[in-house]
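As structure tokens, the structure follows; a few thoughts come after it.
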């Protein structure tokens, strides 16, 4: 989709596009779920896009109950921000957004966090169903408390870094990434069991926390990176290493600073783009449209204490 498209420059065109994405079969009341008796209010005193539900009698627009609700930012700028985030492989900074669309940096930062909330996927998965291979690995992101870079080799400086566990299902090309407090088997085990089918072939490196966990699956292939081994046939973790390389380039080169309280949203952003990438036959336009369709029920509020809350 071209950035000069009317949905990015005209708020009425943007509203009509969002209605088509969220309500392909007609307006749906966000208050009661009614679909049959919704009437568009077109009087001179009614704002564009206002509906009234014939069942519960409440009024609503297409943004009610979404991350866009009660925002003073024009909807066309919301759609442009969504498209930019969806189409940028390594992400886009709030500074760049505020310069590009003419909003304050604080507004741009908040907009992106709302969009990331729409990208978050909590649906249950069962990677490796049917005996497929599932790669599992962890990575670290962040700096130590003195703001100096810390070592990147395992065993050096990791206690000052945030820890992220990721899983990739080779057959489907889908991923799941989660911020974790530690890398103990008792912490990682429940996450892996929840997201990986028992008949899966688990692929990990030689880290000790995977030894006992691996016994619970049909097969546990181990790659010994410490011995300079990076693959034996289809036993490898190269897919997930590629996943992490894109994530780290974005976090270090674009976002740079991220607190623990917001990190899962950034992780969800990269997971979403990976799962809806071109290799999975998803275009930039369709990727952005999927974010819009997932915006329902994902309200995010900003409080004076700088704390975030899901509403």
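What follows is calculated from the coordinates using simple rules that are stated; it is not laboratory data. These numbers were taken from a predicted model, which means no experiment stands behind them. Cβ: placed from backbone, ideal geometry, glycine included. Neighbour counts: every protein chain shown.
Output the antiparallel fraction of DSSP beta bridges having both residues in the chain, as a percent to the nearest 5.
In the chain, DSSP labels about 75 percent of beta bridges as antiparallel.
Highest first, please rank the peptides 238-248, 107-117 by the mean number of other Cβ atoms sitting within 10 Å of their residues.
Listed from highest to lowest mean packing, they are 107-117, 238-248.
Any idea how far apart residue 46 and residue 23 come out in nm if each label point goes 7 Å out from Cα toward Cβ?
Label-label distance for residue 46 and residue 23, simple model: 1.0 nm.
With N set to the number of residues, divide the alpha-carbon radius of gyration of region 204-246 by 2.2 N^0.38 Å and report two decimals.
Taking the Cα Rg and dividing by 2.2 N^0.38 Å, one obtains 1.18.
Given contacts defined as C-alpha pairs under 8 Å and at least six residues apart, what's the relative contact order of the chain, whole-number percent?
With pairs under 8 Å counted, the relative contact order is 20 percent.
By how many nm would the segment from residue 257 to residue 4 grow when fully extended, if each residue of separation counts as 0.36 nm and the alpha-carbon distance is taken off?
Gain on extension, residue 257 to residue 4, equals 87.9 nm.
From the mean inverse distance of alpha carbon pairs (Kirkwood) and the Cα radius of gyration, derive Rg over Rh for region 1-82.
With Rh from the inverse mean 1/r over Cα pairs, Rg/Rh is 0.98.
Between 0 and 90 degrees, rounded to the nearest ten: what's the tilt of helix 185-195 against the longest Cα principal axis of the chain?
The angle comes out near 50 degrees.
Under the 0.36 nm per residue contour assumption, what length would be gained going from the current alpha-carbon distance of residue 99 and residue 215 to full extension?
Length gained, residue 99 through residue 215: 36.5 nm.
How do 264-275, 19-30, 38-49, 55-66 rank on mean C-beta neighbours within 10 Å, highest first?
264-275, 55-66, 19-30, 38-49
Report the full-extension gain for the segment residue 122 to residue 241: residue separation times 0.36 nm, less the Cα-Cα distance, to one decimal in nm.
40.5 nm
Kirkwood Rh, Cα Rg: Rg to Rh for region 35-115?
Value, to two decimals: 1.10.
Computed FRET efficiency, Cβ-Cβ of residue 71 and residue 187, R0 45 Å: what is it to the nearest 0.05?
Calculated value: 0.75.
Taking the chain on its own, what percent of its Cα-Cα pair distances exceed 38 Å?
Summing the P(r) tail past 38 Å for the chain gives 23 percent.
Against the longest principal axis of the chain, how steep is helix 238-250, in degrees 0 to 90 to the nearest 10, with axes from Cα atoms?
The answer is roughly 50 degrees.
Among 169-177, 124-132, 255-263, how do they line up by average Cβ neighbours within 10 Å per residue, starting with the highest?
169-177, 124-132, 255-263
By how many degrees, between 0 and 90 and to the nearest 10, does the Cα long axis of helix 11-22 differ from the longest principal axis of the chain?
The angle comes out near 60 degrees.
Which FRET efficiency value, to the nearest 0.05, do you get for residue 36 and residue 296 by plugging their Cβ-Cβ distance into 1/(1 + (r/R0)^6) with R0 = 22 Å?
The computed FRET efficiency comes out at 0.70.
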